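The values are calculated or read from the model by the stated rules, or taken from the named source; none is laboratory data. Small disclaimer: the values here were computed from a predicted structure and weren't measured. Here the Cβ positions follow ideal geometry from the backbone for every residue, glycine too, while neighbour counts run over all protein chains shown. Keep in mind that these areas ignore ligands, DNA and RNA; they rest on the heavy atoms of the full protein, side chains included. Shrake-Rupley method; radii C 1.70, N 1.55, O 1.52, S 1.80 Å.
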Amino acid sequence: MHVSEPYIGGRPARPLVVTGSRALLDEVVRLVAAAGGEADVAIDAVAARPLWLRAPLVLIGDDVAMEAGAADLRRRDGVVLIGSDLDDAGIYARGMKLGAEEVVFLRDADDWLVRRIADALEGDGSAAFVVGVIGGRGGAGATTLAVALSMSARRRGHRTLLVDADPLGGGVDLVLGGEDARGLRWSGLADTRGRVSAAALQEALPKLCDLSVLSFDRADPFELSESAMRAVLDAGCRVNDVVVVDLPRRLDDPGRIVLDRADLTLLVVPAEIRATAAAARVVAAAGMVAADMRVVVRGPSPSKLPAQTVAGCLGLPLAADLRAEPNIAVVLERGVPPARGGRGPLATFCMQLLEQVLPDTGRSAAA
């Protein structure tokens, strides 16, 4: 069973608050509650010792900083020293003695503290492997590849989030046969600012073929905001192993956020001269942001254009020379997800790619 919070002794790990000040304790506990969690409390360094190394985050009041610094507690990451007097310059020296990663002051740093506590409760969002998929021209098959890659990741046991970032596309939910599934769509996140609870997002999204899916509804299209995309990516990365994003060809600001975050970007290009010319324009825009961009050349080629030639014209490494998928058009019309059965050129490529980029993280699908 996957849980978004680390477990200690059979229960979710909680931040440790170390202070003998009732007023400071009340304020910090309030911030922990705002982050959606609970805290363990120790009134001094002696009481803190049993949980010192196991807590995901330690918040120490300045009232016990000198005592804690002299208590020979082992150095560790994730220690924050909290003061209340902005004019106390000596607090920084006490923080260095403790090995604190940050020295902050109540009220002045409340928003930062809530985010830092939430990171400790849910993880820092840095572990998930993010893949952006973009078409070199309209109808290139980017959505099909994004869904197939997500299905394959889930088959390997990776917790997977599939995000539709193309407001004018046909919709990833249609490819999965789940356009009528109940759950949160982008319209419910349009005005999102700041942090989104990863657990709440995961619970609210439709589950299609064992994937968490965020897509658009059938209402009038609207522009995604940068803040909504950033919040969704951050939350999705905290509770998933793989995040796949289906991107629009005409890059908008949310799309650039995805490309900047992506560990890998796949450009899907049919093996055609005109498609290659169109894809060159996409590369000119996306290539300035994407750190690792590779081309998937989709056959068959009417003119026998070699995949290596397409990749060479685009100046990108070749990820795959993908043979035609048998009956793919019929399968998609029926709402049957591509690569669902784990067979065929598409499924084979996706599994090989995942083995290459995530070689040691395969899990049982029941994980």
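All conditions in (1) open to solvent by 70 Å² or more (accessible area, probe 1.4 Å); (2) farther than 20 Å from ASP111 by Cβ; (3) touching a strand residue (DSSP E or B) at 6+ places or on another chain (Cβ under 7 Å); (4) touching a residue at least 40 places away in the same chain (Cβ under 8 Å) hold for SER84, with the sole exception of (2).
Could you list, in sequence order, the residues of the range 343-362 that are open to solvent by 30 Å² or more (accessible area, probe 1.4 Å), touching a residue at least 60 places away in the same chain (Cβ under 8 Å) and assigned to a loop (DSSP other than H, G, I, E, B)? Once the filter is applied, which keeps residues that are open to solvent by 30 Å² or more (accessible area, probe 1.4 Å), touching a residue at least 60 places away in the same chain (Cβ under 8 Å) and assigned to a loop (DSSP other than H, G, I, E, B), the range 343-362 yields THR361, GLY362.
Here LEU201 meets each of (1) open to solvent by 30 Å² or more (accessible area, probe 1.4 Å); (2) part of a helix (DSSP H, G or I) with one exception, condition (1). Against the list (1) in contact (Cβ under 8 Å) with a residue 40 or more places away in the chain; (2) open to solvent by 10 Å² or more (accessible area, probe 1.4 Å); (3) not in a helix (DSSP H, G or I), the condition VAL244 fails is (2).
Being more than 18 Å from PRO248 (Cα to Cα), over 28 Å from the mean Cα position of the chain (by Cα) and open to solvent by 70 Å² or more (accessible area, probe 1.4 Å), is that true of even one residue in the range 267-289? I'd like the intermediate steps shown before the answer.
Here is the first cut: in the range 267-289, the residues more than 18 Å from PRO248 (Cα to Cα) are 271-274.
Add one more test, that the residue is over 28 Å from the mean Cα position of the chain (by Cα), and what stays is 271-274.
Checking the rest, the ones that are also open to solvent by 70 Å² or more (accessible area, probe 1.4 Å) come to 273-274.
Within the range 267-289, one or more residues are more than 18 Å from PRO248 (Cα to Cα), over 28 Å from the mean Cα position of the chain (by Cα) and open to solvent by 70 Å² or more (accessible area, probe 1.4 Å).
Which one of ARG298, ARG340 is under 26 Å from the mean Cα position of the chain (by Cα) and at pLDDT below 95? Criteria check complete, one pass: ARG340.
One residue stands out among those in the range 40-72 that are open to solvent by 30 Å² or more (accessible area, probe 1.4 Å) and of a type in the set (A, V, I, L, M): the one that is modelled with the lowest pLDDT, which is ALA70.
Just wondering, is there one or more residues in the range 9-19 that are farther than 30 Å from GLU203 by Cα and at pLDDT 90 or above?
If we filter the range 9-19 for residues that are farther than 30 Å from GLU203 by Cα, which is where we start, we get 18-19.
Those left that are additionally at pLDDT 90 or above: 18-19.
Yes.
Residues in the range 255-285 that are assigned to a helix (DSSP H, G or I), in contact with a strand residue (DSSP E or B) (Cβ under 6 Å, 6 or more places away or on another chain) and either of a type outside the set (Val, Ile, Thr) or free of Cβ contacts under 8 Å to residues at least 40 places away in the same chain (or both): LEU259, ARG261, ALA275, ALA279. Only a single criterion out of (1) among the aliphatic types (A, V, I, L, M); (2) within 30 Å of ALA181 (Cα to Cα); (3) touching a residue at least 12 places away in the same chain (Cβ under 8 Å) is not satisfied by ALA329, namely (3). Of all residues in the range 34-62, exactly one satisfies the criterion of being farther than 27 Å from GLY90 by Cα and over 31 Å from the mean Cα position of the chain (by Cα), namely PRO50.
Quick one: is GLY157 in a loop (DSSP other than H, G, I, E, B), in contact (Cβ under 8 Å) with a residue 12 or more places away in the chain and under 19 Å from the mean Cα position of the chain (by Cα)? Before you say what the answer is, go through the steps one by one.
Details: in a loop (DSSP other than H, G, I, E, B): yes; in contact (Cβ under 8 Å) with a residue 12 or more places away in the chain: yes; under 19 Å from the mean Cα position of the chain (by Cα): yes.
In short, yes.
In contact with a helix residue (DSSP H, G or I) (Cβ under 9 Å, 6 or more places away or on another chain), open to solvent by 70 Å² or more (accessible area, probe 1.4 Å) and free of Cβ contacts under 8 Å to residues at least 60 places away in the same chain: is that true of ARG323 in this structure? Talk me through it step by step, then tell me what you get.
Values: in contact with a helix residue (DSSP H, G or I) (Cβ under 9 Å, 6 or more places away or on another chain): yes; open to solvent by 70 Å² or more (accessible area, probe 1.4 Å): yes; free of Cβ contacts under 8 Å to residues at least 60 places away in the same chain: yes.
When the stated conditions are applied, ARG323 passes them.
Looking across the range 222-239 at every residue that is of a type in the set (Gly, Ala, Ser) and part of a helix (DSSP H, G or I), the one that is most open to solvent (accessible area, probe 1.4 Å) is identified as SER227. Looking across GLY178, GLY169, GLY183, one residue alone is part of a loop (DSSP other than H, G, I, E, B), at pLDDT below 95 and open to solvent by less than 10 Å² (accessible area, probe 1.4 Å). It is GLY178.
If you take the residues of the range 291-313 that are in contact with a helix residue (DSSP H, G or I) (Cβ under 6 Å, 6 or more places away or on another chain) and buried (at least 20 other Cβ atoms within 10 Å of the Cβ), which of them is nearest to VAL130 (Cα to Cα)?
First pass over the range 291-313, keeping only residues in contact with a helix residue (DSSP H, G or I) (Cβ under 6 Å, 6 or more places away or on another chain): 295, 297, 310, 313.
Those still in the list that are buried (at least 20 other Cβ atoms within 10 Å of the Cβ) too: 295, 297, 310.
Details: VAL295: 16, VAL297: 21, VAL310: 25 Å.
Within the range 291-313, the match that is nearest to VAL130 (Cα to Cα) is VAL295.
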